[in-house]
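Structure first, then comments.
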Amino acid sequence: MRLNNLQTKKENINLSNKLDKERIPEHVAIIMDGNGRWATKKGLPRSFGHNKGVSVLKEIIKVSKNLDCKVLTVYAFSTENWTRPFKEVDFLINLFEKVLKKEISEIHQESIKIKFIGDLTPFPNSLKSIINSSEALTKNNKNFTLNICVNYGGRQEIIKAARKIAIKSSTGKIKPSDIDEQLFNSELLTHGIKDPELLIRTSGEKRISNFLLWQLAYSEIYITDVLWPDFTEIEFLKAIIDYQSRNRRFGGIESLSNESFEDSYYSSLSKND
Ligand code: FPP
């Protein structure tokens, strides 16, 4: 056990040394996947995976804060998760409420702003009430923002934004030509939140599962086979280091080392026209 701890510390130090502290992503989004499989592999009920998932989330919030990453957005319950067995859905809803009640004072002490993103309508009043009071309590906190997506679906979010814009247009508040990325963005549930630079998905699935469809347009994607309950600080550091190795071009190209060569080729094309 001691040897394991020592090895973990060593790996941690190695990775920390590789990290470029000046290029920490400001906003990281996470699809925390694999809770159920983790538990099933251990012969445990799936709910054990969700419980372990909560402690991993607490650890990753701490690590992100220490790295000076400012925003974490996590996918806790999708609009499609309602199709799970009733008992699991009920367990998850109770877990959100229990965790929030238990952790909110520490979250506030740590100056973390908490925000829930998604349609809260179908949730029980007791959960809605603790969500509202937690958001109100922490709304001026500046150290770090935790966005928790619950009953969230990217397509549903886009449809709702489109409807609001259609109403504004049909009532003459805006012209169709006013609709641009900025205006559309302002009608999304995430308005005011910068797009994530990095998306991490655990458990090896290579899809985005209706998560932040608009906002992830230019995010770097990091997929690890590690299941969420096994995700650690080391895995998070690996994701950030991998992100730092990416060349983000946003549809453009790197600056040209042979600009005159490119220019002369384009001029020869126009001469031949
Ligand atoms: C995906 O694993 C995980 C979820 C649907 C739930 C995630 C929720 C938590 C980690 C709790 C967060 C708590 C708060 C208060 C925000 P899965 O169940 O789909 O796993 P599987 O793909 O192996 O079946």
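Would you check which residues across the range 49-72 are within 11 Å of the ligand (Cβ to nearest atom) and either open to solvent by less than 60 Å² (accessible area, probe 1.4 Å) or without any contact (Cβ under 8 Å) to a residue 12 or more places away in the chain (or both) and list them?
So the first thing to find is which residues in the range 49-72 are within 11 Å of the ligand (Cβ to nearest atom), and the list is 49-58, 60-61, 72.
Within the range 49-72, 49, 50, 53, 54, 55, 56, 57, 60, 61, 72 meet the criteria.
Which of the residues belonging to the range 9-31 are open to solvent by less than 70 Å² (accessible area, probe 1.4 Å) and either assigned to a helix (DSSP H, G or I) or not β-branched (Val, Ile, Thr) (or both)?
12, 15, 16, 19, 20, 25, 27, 29
Exactly one of (1) open to solvent by 30 Å² or more (accessible area, probe 1.4 Å); (2) within 13 Å of the ligand (Cβ to nearest atom); (3) of a type outside the set (Phe, Trp, Tyr); (4) touching a strand residue (DSSP E or B) at 6+ places or on another chain (Cβ under 7 Å) is unmet by residue 117. Its number?
It is condition (1) that residue 117 fails.
Kindly list, by first and then second residue, each pair from a residue in the range 78-95 that is within 11 Å of residue 46 (Cα to Cα) to a residue that is open to solvent by less than 60 Å² (accessible area, probe 1.4 Å) and among the small types (Gly, Ala, Ser), limited to pairs with Cβ atoms under 6 Å and residues at least 6 apart or on different chains.
Here the result reads 91/47, each pair linking the range 78-95 to a residue that is open to solvent by less than 60 Å² (accessible area, probe 1.4 Å) and among the small types (Gly, Ala, Ser).
Only one of these is farther than 28 Å from residue 244 by Cβ and in contact with a Phe, Trp or Tyr (Cβ under 8 Å, 6 or more places away or on another chain): 36, 49, 43. Name it.
None of the others qualify; the one that does is 49.
Being more than 18 Å from residue 61 (Cα to Cα) and exposed (fewer than 12 other Cβ atoms within 10 Å of the Cβ) is the filter; apply it to the range 84-114 and report the residue that is farthest from the ligand (Cβ to nearest atom).
The extreme case among them is 86.
Could you run through the range 32-41 and say how many residues are near the ligand (Cβ under 8 Å from one of its atoms) and open to solvent by 10 Å² or more (accessible area, probe 1.4 Å)?
Matching residues across the range 32-41 total 6.
Among (1) β-branched (Val, Ile, Thr); (2) more than 24 Å from residue 69 (Cα to Cα); (3) open to solvent by less than 40 Å² (accessible area, probe 1.4 Å), where does residue 179 come up short?
Going through the list (1) β-branched (Val, Ile, Thr); (2) more than 24 Å from residue 69 (Cα to Cα); (3) open to solvent by less than 40 Å² (accessible area, probe 1.4 Å), residue 179 breaks only (3).
Answer yes or no: is there a residue in the range 257-264 that is polar (S, T, N, Q) and in contact (Cβ under 8 Å) with a residue 60 or more places away in the chain. Outline the logic, then answer.
At the first step, the residues of the range 257-264 found to be polar (S, T, N, Q) are 257-258, 260, 264.
Narrowing the set further to residues that are in contact (Cβ under 8 Å) with a residue 60 or more places away in the chain leaves none.
The answer is no; no qualifying residue exists.
Quick one: residue 54 ticks every box in (1) assigned to a helix (DSSP H, G or I); (2) within 17 Å of the chain's Cα centre (by Cα); (3) closer than 30 Å to residue 248 by Cα except a single one, so which number is it?
Going through (1) assigned to a helix (DSSP H, G or I); (2) within 17 Å of the chain's Cα centre (by Cα); (3) closer than 30 Å to residue 248 by Cα one by one, residue 54 breaks only (3).
Select, from 153, 172, the only residue that is out of contact with any helix residue (DSSP H, G or I) (no Cβ under 6 Å at 6 or more places or on another chain) and surrounded by 15 or more Cβ atoms within 10 Å (Cβ to Cβ).
Just a single option satisfies the conditions, and that option is 153.
Six or more apart or on different chains, Cβ atoms under 9 Å: show the pairs whose first residue is in the range 221-249 and without any contact (Cβ under 8 Å) to a residue 24 or more places away in the chain and whose second is basic (Lys, Arg).
Close Cβ pairs satisfying both conditions: 221/201; 221/206; 223/201; 223/206.
The values are calculated or read from the model by the stated rules, or taken from the named source; none is laboratory data. Predicted model, so just to flag it, every value in this text is computed and none were measured. Please note: Cβ atoms are built from the backbone with ideal geometry, for glycine as well, and neighbour counts cover all protein chains shown. With ligands, DNA and RNA removed, areas are computed over all heavy atoms of the protein, side chains included. Shrake-Rupley method; radii C 1.70, N 1.55, O 1.52, S 1.80 Å.
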